[in-house]
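First the structure, in the form of structure tokens, and then the observations on it.
The values are calculated or read from the model by the stated rules, or taken from the named source; none is laboratory data. Quick caveat, the model's predicted, so the values are computed rather than measured. Quick reminder, even Gly has a Cβ in these numbers, built from the backbone with ideal geometry, and neighbours come from all protein chains shown. Only protein heavy atoms, including side chains, enter the accessible area calculation; ligands, DNA and RNA are left aside. Shrake-Rupley method; radii C 1.70, N 1.55, O 1.52, S 1.80 Å.
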Amino acid sequence: MRISTRLLAAASLAALSLFAGSAMADGEKYVIGTDSTYPPFEFVDASGEIKGFDIDIAKALCAEMKAECTFVSADWDGIIPALQAKKYDMIVSSMSITPERLKLVDFTNKYYNTPPAVAVPKDSTITDVAGLKGKTIGAQTSTTHANYAEKHLADTELKLYPTADEYKLDISSGRIDAAIDDVVVLSEWIKSEAGACCKILTTLPVDKEINGEGAGIAVRQGDPLKDKLNTAIAAIRASGKYKEIQDKYFDFDVYGE
């Protein structure tokens, strides 16, 4: 899960229209902002289509609300300012619900909750968190994971990257000693050919002040869309649709405690 607090840095990468499967033509229409560089939660496939767990959840919620939804790929660093500027109506992008962000936007109830973790090269001599002292650890900028490292791994050298792909490239090339991110993101990466270099060192204790209560959907402050989304989240949990989507991506309960 991630966090963003900076001003809008760049325009959207692409605007890709994807409609909820059972949306009604005369229903509400919403634009959803997402940073599509965070597999398996959101990514762009070879055909240019945005896919992932977050995207499937959003489609299910739109269908439940009988709404027509369009997805817009946006730079993570400016994703909240763009919401405030009404570039889109909500953010569905593994965004952590944190006290800092609640000063800027409203959040739905969580739709998943997973802990942070650290990955290291398979041949690393680092065996535990204490072994990270003096080492260089990579993280995506403006994320809870970067904030976590600053607070709890202060004796490391933190190197920040605009996207997760860039720290992954550096750790695989030996330019950094470790990386911190969501355990699901790192676990999926090390299963891939690109992540064959590395392994999970450990998961990390959740700091609720930093990591928040889980990932939620961000909307503008005071927007009644929040209540509609909360009702829809409860509905897809009760109907089994949530589990159907979860099981497509994970072999464990991603909703968490």
Gaussian network model of the chain, springs between alpha carbon atoms under 10 Å - residue of Ala232, Ala117, Ala196 with greatest fluctuation: Ala196
Span from the the range 48-73 Cα centroid across to the the range 97-120 one, whole angstrom: 19 Å
From the coordinates shown, Cα extents along the principal axes in Å corresponds to which of (1) 59, 34, 34; (2) 92, 46, 31; (3) 50, 41, 33: (1)
Using alpha-carbon coordinates, inclination of helix 53-64 to the longest axis of the chain, degrees: 20 degrees
Lys/Arg +1, Asp/Glu -1 at C-beta; the chain dipole; positive extreme among Phe107, Ser94, Cys69: Phe107
Those trypsin sites (Lys or Arg not before Pro) in the range 155-257 that DSSP places in a loop and that have at most 14 other beta carbons within 10 Å: Arg175
Rounded percent of accessible protein surface that carbon and sulfur make up, the chain, 1.4 Å probe: 51 percent
13 Å beta-carbon shell around Ile55, net charge (K/R +1, D/E -1): -3
Hypothetical label at Leu158: residues of the range 164-184 whose amide nitrogen lies under 16 Å (7 Å Cα-Cβ projection): 164, 167, 177-182
Length-normalised contact order for the range 116-210 - Cα pairs under 8 Å, 6+ apart - percent: 45 percent
Options Val31, Ile200, Gly52, ranked by Cα towards positive dipole end of the chain, top entry (Cβ charges): Val31
Highest-first arrangement of 209-215, 120-126, 93-99, where packing means the average Cβ count within 10 Å: 93-99, 209-215, 120-126
Listed residues Asp128, Asp35, Asp177, most fluctuating in the chain (Gaussian network, C-alpha, under 10 Å): Asp128
Gyration tensor over alpha-carbon atoms, the range 54-167, equivalent ellipsoid semi-axes in Å: 33, 15, 13
Solvent-accessible area per residue, Å², over the range 116-210 with all protein chains present [probe radius 1.4 Å]: 45 Å²
Debye intensity ratio I(q)/I(0), log10, the range 116-210, q values 0.14, 0.16, 0.17, 0.20 Å⁻¹ (C-alpha model): -0.41, -0.54, -0.62, -0.89
For the chain, calculated [θ]222 nm from helices alone, where every DSSP H run of n ≥ 4 adds -39500 (n - 2.57): -8000 deg cm²/dmol
